[in-house]
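> Handing you a structure now.
The values are calculated or read from the model by the stated rules, or taken from the named source; none is laboratory data. Computed from a prediction, not measured in an experiment: that's the story for all the values here. Every residue, glycine as well, gets a Cβ built from its backbone with ideal geometry; the counts of neighbours run over all protein chains shown. When the accessible area is computed, the model is the full protein with side chains, heavy atoms only, and any ligands, DNA or RNA have been set aside. Shrake-Rupley method; radii C 1.70, N 1.55, O 1.52, S 1.80 Å.
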Amino acid sequence: IMLIESFLDYLRYERNYSEKTVLAYGADIKQLQEFSEEEYGKFDPLEVKAELVREWIVALMDKGYTSTSVNRKLSSLRSFYKYLLRQGQMEADPLLKVTGPKNKKPLPVFVRESEMDRLLDETDFGEGFKGCRDRLVIEMFYATGMRLSELIGLDDRDVDFSASLLKVTGKRNKQRLIPFGDELRKSMLEYIDIRNEAVRERSEAFFIRENGERLYKNLVYNLVKRNLSKVVTLKKRSPHVLRHTFATMMLNNEAELGAVKELLGHESIATTEIYTH
């Protein structure tokens with residue numbers, strides 16, 4: 001158990017993972033521990049064999065876990081054993097010969113350009129501060145491809161009008177710069193005017209509620225869903241769909257894969273390649 005704790009601390013303090021991610025890793029390893037204790041009455045991470053992990057995978061699939069979530073659990077375990085190997089606790093990696101179930105990769109869902117134009121140009125978002133803000137939230141996702149957490153985390157000081165750059169803070173606190181064009185600039189300046197008029201007392205957040213506080217996930221999620229429903233019948237109508245839409249649009253307009261990877265803040269080009277559908 002000490003080994004697990006020191007691994008989680010390593011993720012926390014050395015790898016800078018968010019608490020949510022660290023807890024997920026911990027839960028995955030604990031799940032293997034419980035399985036091992038049920039089946040064999042004991043669990044020692046240093047004595048885990050590939051057979052045990054394979055039996056565990058089968059048990060998870062039987063319980064109805066998707067291959068995606070099983071593979072995520074496996075990747076938590078792989079990190080744990082890489083860590084133990086580096087610490088000199090293990091001689092060999094028990095997961096070396098383990099392969100996870102095949103993922104059926106769903107193609108990214110995206111909105112067509114004509115539908116986005118209709119949404120931004122012809123849809124009534126309502127008068128005043130809220131309508132202006134809601135429209136800008138959608139335009140921001142569509143024009144920059146940023147993640148939900150990145151949009152919420154945007155502060156006034158992250159918007160540089162003179163250089164036409166947005167500074168966003170992505171996963172593992174990695175920062176990147178996203179350029180913006182004249183249309184988004186116009187919408188942002190208009191929003192700031194209306195916002196500063198309507199909400200006198202406010203936090204440093206760029207996107208705020210009427211009470212001056214930063215937006216929260218569900219609010220943004222619902223406003224995107226509600227407005228996308230006006231132009232599309234897609235099952236998925238989340239902020240992430242707009243991120244996919246941005247990436248698809250970029251590639252349709254001859255952008256380089258490497259450039260799109262940088263803009264989206266992907267760790268590896270393999271993630272970006274999903275968009276070459």
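> Going by the structure shown, is A59 surrounded by fewer than 17 Cβ atoms within 10 Å (Cβ to Cβ), among the hydrophobic types (A, V, I, L, M, F, W, C), part of a loop (DSSP other than H, G, I, E, B) and more than 28 Å from the chain's Cα centre (by Cα)?
On the way: surrounded by fewer than 17 Cβ atoms within 10 Å (Cβ to Cβ): yes; among the hydrophobic types (A, V, I, L, M, F, W, C): yes; part of a loop (DSSP other than H, G, I, E, B): no; more than 28 Å from the chain's Cα centre (by Cα): yes.
No: the conditions fail for A59.
> Same structure, new question: Checking K97 against (1) in contact with a helix residue (DSSP H, G or I) (Cβ under 7 Å, 6 or more places away or on another chain); (2) surrounded by fewer than 13 Cβ atoms within 10 Å (Cβ to Cβ); (3) at pLDDT 90 or above, which test does it fail?
Result: K97 passes all but (3).
> May I ask you to list the residues in segment 231-248 that are open to solvent by less than 40 Å² (accessible area, probe 1.4 Å) and within 19 Å of the chain's Cα centre (by Cα)? It would help to see each step written out before you state the result.
Going residue by residue through segment 231-248, those that are open to solvent by less than 40 Å² (accessible area, probe 1.4 Å) are 231-232, 238-239, 241-248.
Across segment 231-248, the qualifying residues are S238, P239, V241, L242, R243, H244, T245, F246, A247, T248.
> Examine segment 17-30 for a residue that is within 20 Å of K97 (Cα to Cα) and either more than 21 Å from the chain's Cα centre (by Cα) or loosely packed, with under 15 Cβ neighbours inside 10 Å (or both), and state whether such a residue exists.
Initial filter on segment 17-30 (within 20 Å of K97 (Cα to Cα)): 28-29.
Filter again for either more than 21 Å from the chain's Cα centre (by Cα) or loosely packed, with under 15 Cβ neighbours inside 10 Å (or both), leaving 29.
Yes.
> Considering only segment 250-261, state which residues are open to solvent by 50 Å² or more (accessible area, probe 1.4 Å) and either touching a strand residue (DSSP E or B) at 6+ places or on another chain (Cβ under 6 Å) or more than 22 Å from E113 (Cβ to Cβ) (or both).
none
> Here's another thing I want to ask about it. Open to solvent by less than 80 Å² (accessible area, probe 1.4 Å) and modelled with pLDDT under 90, is that true of A50?
In short, yes.
> Considering only residues that are assigned to a helix (DSSP H, G or I), farther than 21 Å from E5 by Cα and not charged (D, E, K, R), which ones fall in segment 29-56?
Filtering segment 29-56 for residues assigned to a helix (DSSP H, G or I) gives 29-40, 45-47, 50-56.
Among the residues that remain, those that are also farther than 21 Å from E5 by Cα are: 38-40, 50-52, 54-56.
Matches in segment 29-56: Y40, A50, L52, W56.
> Just give me the residues in segment 217-230 being over 15 Å from the mean Cα position of the chain (by Cα) and β-branched (V, I, T), in sequence order.
Step one: filter segment 217-230 for residues over 15 Å from the mean Cα position of the chain (by Cα), giving 219, 222-230.
Correct list: V224 only.
> Would you be able to tell me the number of residues in segment 121-148 that are open to solvent by less than 60 Å² (accessible area, probe 1.4 Å) and closer than 30 Å to K20 by Cβ?
Initially, segment 121-148 is screened for residues open to solvent by less than 60 Å² (accessible area, probe 1.4 Å), giving 123, 125-126, 128-129, 131-134, 136-148.
In the following step, the residues that additionally are closer than 30 Å to K20 by Cβ were identified as 133-134, 136-148.
Qualifying residue count, segment 121-148: 15.
> Could you go through segment 146-158 and let me know if any residue there is β-branched (V, I, T), under 30 Å from S114 (Cβ atoms) and assigned to a strand (DSSP E or B).
Within segment 146-158, the subset β-branched (V, I, T) is 152.
Then drop every residue that is not under 30 Å from S114 (Cβ atoms), which leaves 152.
Of the ones still in play, those that are also assigned to a strand (DSSP E or B) are none.
Within segment 146-158 (the criterion being β-branched (V, I, T), under 30 Å from S114 (Cβ atoms) and assigned to a strand (DSSP E or B)), the answer is no, since none of the residues qualifies.
> Oh, and also: Would segment 86-94 turn up any residue that is touching a residue at least 12 places away in the same chain (Cβ under 8 Å) and touching a Lys or Arg at 6+ places or on another chain (Cβ under 9 Å)?
For segment 86-94, residues touching a residue at least 12 places away in the same chain (Cβ under 8 Å) and touching a Lys or Arg at 6+ places or on another chain (Cβ under 9 Å): present.
> Would you say L74 is open to solvent by less than 60 Å² (accessible area, probe 1.4 Å), in a helix (DSSP H, G or I) and without any contact (Cβ under 8 Å) to a residue 40 or more places away in the chain? So that I can check it myself, show each step before the final result.
On the way: open to solvent by less than 60 Å² (accessible area, probe 1.4 Å): yes; in a helix (DSSP H, G or I): yes; without any contact (Cβ under 8 Å) to a residue 40 or more places away in the chain: yes.
It is true that L74 is open to solvent by less than 60 Å² (accessible area, probe 1.4 Å), in a helix (DSSP H, G or I) and without any contact (Cβ under 8 Å) to a residue 40 or more places away in the chain.
> Then there's this: In segment 80-94, which residues are open to solvent by less than 40 Å² (accessible area, probe 1.4 Å) and touching a Phe, Trp or Tyr at 6+ places or on another chain (Cβ under 9 Å)? Walk me through it before giving the result.
Within segment 80-94, the subset open to solvent by less than 40 Å² (accessible area, probe 1.4 Å) is 80-81, 83-84, 90, 93-94.
Residues satisfying the conditions are F80, Y83, L84, M90, D93, P94.
> Among the residues of segment 154-176, how many are open to solvent by 40 Å² or more (accessible area, probe 1.4 Å) and modelled with pLDDT of 95 or more? Reasoning before the result, please.
Kept after step one, since they are open to solvent by 40 Å² or more (accessible area, probe 1.4 Å), are these residues of segment 154-176: 156-157, 160-163, 165, 167, 169, 171-175.
Add one more test, that the residue is modelled with pLDDT of 95 or more, and what stays is 156-157, 160-163, 165, 167.
Final tally of qualifying residues: 8.
> Can you go through T245, T272 and tell me which one is under 19 Å from G170 (Cα atoms), in contact with a Phe, Trp or Tyr (Cβ under 6 Å, 6 or more places away or on another chain) and either of a type in the set (S, T, Y) or at pLDDT below 90 (or both)?
Working: T272 fails: in contact with a Phe, Trp or Tyr (Cβ under 6 Å, 6 or more places away or on another chain).
Criteria check complete, one pass: T245.
> Just one of S79, S114, S75 is of a type in the set (G, A, S) and touching a helix residue (DSSP H, G or I) at 6+ places or on another chain (Cβ under 8 Å); which is it? Spell out the reasoning first.
On the way: S114 fails: touching a helix residue (DSSP H, G or I) at 6+ places or on another chain (Cβ under 8 Å); S75 fails: touching a helix residue (DSSP H, G or I) at 6+ places or on another chain (Cβ under 8 Å).
Just one listed residue meets the conditions, S79.
> With a cut-off of at least 2 residues that are without any contact (Cβ under 8 Å) to a residue 40 or more places away in the chain and in contact with a Pro (Cβ under 7 Å, 6 or more places away or on another chain), name the helices (runs of 4 or more DSSP H) lying wholly within segment 200-277. Lay out the reasoning, then the answer.
Values: elements: 217-228, 239-252, 257-264, 269-273.
Hits in segment 200-277: none.
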